[in-house]
Amino acid sequence: MREKRKKIKEILSKSSVGERVTAMGWVRTKRESKNVVFIAINDGSTIDNIQAVGDTGKFDEALLRKVNTGASVAVTGELVESQGAGQAVELQAEIIEVFGEANPEQYPLQPKRHSLEFLREIAHLRPRTNTFSAIMRVRHQLAFAVHQFFHEKGFVYINTPIITASDAEGAGETFKVTNFDLEKLPKGEDGKIDYTQDFFGKLTNLTVSGQLEGELGALALGEIYTFGPTFRAENSNTTRHLAEFWMIEPEMAFYDLTDNMDLAEEMLKYLIKSAMDNCQSDLAFLDKRLAEEEKVKPQQERSEMGLLERLKFILENDFERVSYSDAIEILKRSKPNQKKKFKYLIEEWGADLQSEHERFLVEKHFKKPVILYNYPKDIKAFYMYQNDDDKTVAAMDILFPGIGEIIGGSQREDRMDKLKARMDQMGIPSEELWWYLDTRKFGSVPHSGYGLGFERMVQFVTGMGNIRDVIPFPRTPDNCEF
Ligand code: ATP
Ligand code: MN
């Protein structure tokens, strides 16, 4: 008879020798020596496997033949002191049951190291590997910690719409939402598509940011945050961009830019600490994984710190806060600029910073996270607070080593006349955003907010180089399988 199932994490941490338990999970490896079979089982609750040990003579040969890598099993028996190194206990198999077989000729995951590229092609199975199960557990812990952090501070979690008629950034990188028959689009007399006949009576798209609606929440509830999916049809095939990603966007009434930076820094540290406190074995595994990956890199590309070291370093150090103008001076005088090593040379104030510049500041110059603030208004969005110098806006970007921009935020322009003028200048149709402008018309207050790209955070904490490897099913140009 089976016992009531216990998770392997619980068995390994809480059960003691002599207890009879039932573990269920997927076989990672099976080894047979003379009269003994060793089965390593993992159920996703922890990176660690439980080892079941059985006398081959006690089991049906046909049954044991079904126990292969990838098969799902239930094993019942007594916990005994482990003979091998590594684990304190192992399971003396008494009953072995097979739920589902996995034909070794067809099952793509074998007990060896697979490339991350190959695993992306089998994203439906990759959570069964150590690396991806560890990443998914860390991702979960970080998501949980996001809610915990804001909840502890009294923020209200609000859900902003996923289908919108506005393009918050005015960047135009949107996916359209329609229920038109695309083969038979209704046209008006001018020959253009008549969106008044579409489902919402107007052109709509998937949201690129919940910020504008988030601000409406802040100007009623004080402090809110959103945590939802975000869509950008950007055709940039980088290791840091997805077409579908998750974003955390807090908005706070009565916060100026400094309050905004303080909150963001505190949040990032809180999230990292939460992962370090609660995902020790997963992070230890990922730390080792990264160290092995670094070993095969050329010397000058290797990072100076290991994963755990990096995380600890962030917790223990203040972020460097540098104005855009100061950053431009540093970049202008920098070696790669002088020696024309940058792809985009920094010649004058006003230049948009490329990721090579951001990475230089973070990884070479300051060697720690950097908060850049007070950017030229011409390279930033219309809703940012216009500083007295008439040249800059109260924006801030947080740059992380290996990642680049992880947070983008600003104090919001709360003065109606200034906001309206900027929108007109930038050609943002204020009629469509009448509801946004209403908050400036009625009881406007200074307020601020930012957006944290959740996958970039997971990337940083897990040390994964490619953003496609920290989300279960990545959406990128030409890729929408699963
Ligand atoms: P980048 O310059 O890296 O494209 P952005 O300036 O477009 O970033 P924001 O519009 O400020 O970014 O969005 C806020 C945050 O969302 C960014 O700091 C980043 O962490 C994340 N982010 C932005 N675009 C993507 C994307 N395509 N995939 C994943 N995360 C993203
Ligand atoms: Mn972008």
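Rule-based calculations on the coordinates, nothing more; no lab input. Quick caveat: nothing in here was measured; it's all calculated off a predicted structure. Using ideal geometry, Cβ is built from the backbone for each residue, glycine included, and neighbour counts are taken over all protein chains shown.
Observations, loosely collected:
- Amide H contacts under 5 Å for Glu405: Phe400, restricted to partners 5 or more places along the chain or on a different chain, H placed in the peptide plane at 1.01 Å from N.
- Zone of Lys58's modelled label, taken as backbone nitrogen in the range 93-114 under 14 Å from a point 7 Å along Cα→Cβ: 93-97
- Built amide H within the under 5 Å cut-off of Ser82, gap 5+: Val89, Glu90
- Were the residues from Glu329 through Asp194 laid out at 0.36 nm apart, the gain over their Cα-Cα distance would be 43.5 nm.
- Whole-Hz Karplus values for the range 187-204 come out as 10, x, 5, 7, x, 8, 4, 9, 6, 5, 8, 7, 3, 8, x, 7, 6, 10 Hz, taken residue by residue from phi with 6.51 cos²θ - 1.76 cosθ + 1.60 and θ = phi - 60°; glycine and proline positions read x.
- Evaluating 6.51 cos²θ - 1.76 cosθ + 1.60 at θ = phi - 60° for every residue in the range 378-385, the Karplus couplings come out as 6, 9, 10, 6, 5, 8, 7, 5 Hz, glycine and proline recorded as x.
- Förster radius 25 Å - calculated FRET efficiency between Asn35 and Glu78, Cβ distance, rounded to 0.05: 0.85
- Virtual paramagnetic centre 7 Å along Cα→Cβ of His147, amide N under 17 Å, in the range 186-230: 224-229
- Set Lys391/Lys441; Lys7/Lys34; Lys332/Lys367; Lys153/Lys441; Lys295/Lys364 screened for pairs whose C-alpha atoms are more than 22 Å apart: Lys391/Lys441; Lys7/Lys34; Lys153/Lys441
- Cα-based shape type of the range 112-171, given that a ≥ b ≥ c are square roots of the gyration tensor eigenvalues and the cut on a/c is 1.5: oblate
- Normalised by the number of residues in the range 413-482, the mean separation of alpha-carbon contacts (under 8 Å, six or more apart) gives a relative contact order of 22 percent.
- Along principal axes, Cα extents of the chain, largest first, whole Å: 85, 58, 44
- In this structure, Phe175 and His365 have a Cβ-Cβ separation that, at R0 = 30 Å, corresponds to a calculated FRET efficiency of about 0.20.
- 5 angstrom amide H check on Thr29, placed H, neighbours 5+ away: Ala40
- Pairs beyond 31 Å (Cα-Cα), from Lys339/Lys418; Lys176/Lys340; Lys14/Lys58; Lys9/Lys273: Lys339/Lys418; Lys176/Lys340
- With a cut-off of 10 Å between beta carbons, the residues surrounding Gly44 carry a summed charge of +3, where Lys and Arg count +1 and Asp and Glu -1.
- For the range 195-314, a crude dipole built from +1 on the beta carbon of Lys and Arg and -1 on the beta carbon of Asp and Glu, taken about the Cα centre, is about 540 debye to the nearest 20.
- Cut-off 19 Å (backbone N to label point 7 Å along Cα→Cβ of Phe313), residues of the range 324-368: 356-368
- Rounded to 0.05, the FRET efficiency of the Glu10 and His114 pair, given R0 = 25 Å and the Cβ-Cβ distance, is 0.30.
- Approximate spin-label separation Phe99-Leu203, in nm, with each point projected 7 Å along Cα-to-Cβ: 4.9
- Kyte-Doolittle mean at least 0.0, axial Cα span of 20 Å or more - DSSP H helices of the chain: 130-152
- Phi angles of the range 106-114 translate, via the Karplus equation with coefficients 6.51, -1.76, 1.60 and θ = phi - 60°, into HN-Hα couplings of 10, 5, x, 8, 10, x, 7, 7, 9 Hz per residue; Gly and Pro are given as x.
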